Amino acid sequence: MTVRVGVIGVGTIGEDHLRRLTQVVAGAEVVAVTDVDLDRARAAAAKYDVATVHLTGQELISDPEVDAVAVCSWGPTHEEYVLASIAAGKPVFCEKPLAETPEACERMIEAEVSAGRRLVQVGFMRRYDRAYRALKDVVDAGSIGAPLIVHCVHRNPTVPGYFQSESLITDAAVHEFDILRWLLGEEITTTSVLVPKRNRHGGDLQDPVMLILEMDSGAIVDVEISMNIRYGYDIQGTVVGEDGTAALGDQDAVVVRLAGGTTSPVAADWRERFSRAYDVEFQEWIDAIAGSGVPAGPTTWDGYAAAVVANTALEALRTGTRTSVKLVEKPALYDQ
């Protein structure tokens with residue numbers, strides 16, 4: 001079965017996913033695109049041989065030729081398009097964030113529960129990274145004992161000028177919030193944010209920040225977010241257990257020892273580091289839709305939980321206090 005996909009939003013990540021769906025993923029055919037900039041949509045359609053350019057996202061979702069929808073547009077539009085896709089009974093992949101507020105995520109949960117089946121998958125691509133999957137295999141096997149502490153690092157060489165201090169949490173740390181819940185299989189219960197001396201490269205940006213998270217089990221997580229560290233895009237993670245530790249594997253293809261030193265490459269950006277994870281993410285999405293018709297990846301509940309933790313961390317950043325994470329009751333649909 002070929003899944004006919006419509007793509008809403010063909011900006012930087014949207015066009016990359018359009019390329020992925022047309023040139024990398026098996027079993028998918030992109031039949032329609034749209035973008036707030038219709039000239040950009042037309043150019044993308046011509047480049048990737050897509051038959052139809054729709055004027056709006058709603059028009060694309062209503063197209064009977066579209067089996068499934070990929071929402072890659074600006075964050076504030078996600079709620080509208082996800083709700084419309086659920087109402088149309090069409091599986092929808094939504095790039096993170098699922099929505100800008102927990103309340104918007106709750107409306108999506110209510111719509112999906114009313115529909116009686118899962119239709120939404122959220123774009124938390126780290127779950128598809130081979131290093132993270134290998135790390136989870138070790139944690140789940142129990143060989144290092146129960147996790148006690150987790151150390152996380154998220155470093156960018158630089159960020160655009162429009163980036164704000166809050167973006168370190170909503171755009172960067174949000175990936176850690178999801179991967180920690182998935183890796184440890186439990187919810188985050190409290191957040192605290194520490195503000196170290198500022199990096200001179202960040203201007204007025206509060207960069208870096210350090211988050212302290214507490215998990216349901218009592219495990220403690222520290223998360224370093226550095227957005228202007230210059231040397232490269234560097235993602236690290238180490239789980240300290242009762243009997244041993246496990247860390248993300250080395251992503252480097254080669255280590256060079258030369259002239260009295262050792263060097264190994266560091267990824268330039270998120271695309272280089274997680275390109276393969278994105279490929280796997282979309283292939284598994286298409287495979288699930290073609291098979292059972294139900295997405296198997298991160299759920300609407302996962303998008304909601306990450307949004308709540310992000311909001312809680314923003315409050316902790318503003319107030320300098322340890323702040324509790326408060327989730328609504330989890331619907332049974334997401335335990336299936």
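Determine whether Arg42 is within 30 Å of Glu176 (Cα to Cα) and at pLDDT 95 or above.
no
Can you pull out every residue in the range 26-43 that is surrounded by 23 or more Cβ atoms within 10 Å (Cβ to Cβ) and closer than 13 Å to Val10 by Cβ?
The first filter runs over the range 26-43 and keeps only residues surrounded by 23 or more Cβ atoms within 10 Å (Cβ to Cβ), leaving 28, 30, 32-35, 41.
Listed by number, the residues that qualify are Val30, Ala32, Val33, Thr34, Asp35, Ala41.
Could you list, in sequence order, the residues of the range 241-291 that are surrounded by fewer than 13 Cβ atoms within 10 Å (Cβ to Cβ) and of a type in the set (Gly, Ala, Ser)?
Answer for the range 241-291, where residues must be surrounded by fewer than 13 Cβ atoms within 10 Å (Cβ to Cβ) and of a type in the set (Gly, Ala, Ser): Gly244, Gly249, Ala253, Ala259, Gly260, Gly261, Ser264, Ala268, Gly291.
Strands (runs of 3 or more DSSP E) wholly in the range 11-122 with at least 2 residues that are of a type in the set (A, V, I, L, M) - which ones?
Values: elements: 28-34, 68-71, 92-95.
It comes to 28-34, 68-71.
Any residue that is among the polar types (S, T, N, Q) and under 24 Å from the mean Cα position of the chain (by Cα) - is there at least one of those in the range 83-105? Spell out the reasoning first.
Step one: of the range 83-105, the residues among the polar types (S, T, N, Q) are 85, 101.
From what's left, under 24 Å from the mean Cα position of the chain (by Cα): 85, 101.
For the range 83-105, residues among the polar types (S, T, N, Q) and under 24 Å from the mean Cα position of the chain (by Cα): present.
So, in the range 176-217, exactly how many residues are surrounded by 23 or more Cβ atoms within 10 Å (Cβ to Cβ) and either more than 19 Å from Val308 (Cα to Cα) or of a type in the set (Lys, Arg) (or both)?
1
Please verify whether Leu317 is surrounded by 12 or more Cβ atoms within 10 Å (Cβ to Cβ) and in contact with a helix residue (DSSP H, G or I) (Cβ under 6 Å, 6 or more places away or on another chain), treating the condition exactly as stated. Write out each step before concluding.
Numbers: surrounded by 12 or more Cβ atoms within 10 Å (Cβ to Cβ): yes; in contact with a helix residue (DSSP H, G or I) (Cβ under 6 Å, 6 or more places away or on another chain): no.
Answer is no for this residue.
Taking the criterion of being more than 28 Å from Leu205 (Cβ to Cβ), in a helix (DSSP H, G or I) and either at pLDDT below 95 or in contact with a Cys (Cβ under 9 Å, 6 or more places away or on another chain) (or both), would at least one residue in the range 140-156 satisfy it?
no
Restricting to the range 296-328, name every residue that is at pLDDT 95 or above and closer than 13 Å to Phe124 by Cα. It would help to see each step written out before you state the result.
So the first thing to find is which residues in the range 296-328 are at pLDDT 95 or above, and the list is 297-328.
Passing the criteria: Gly297, Pro298, Thr299, Thr300, Trp301, Asp302, Gly303, Tyr304, Ala305, Ala306, Ala307.
The values are calculated or read from the model by the stated rules, or taken from the named source; none is laboratory data. Computed from a predicted structure; not experimentally measured. With ideal geometry, Cβ positions are generated from the backbone for all residues, glycine too; neighbour counts draw on all protein chains shown.
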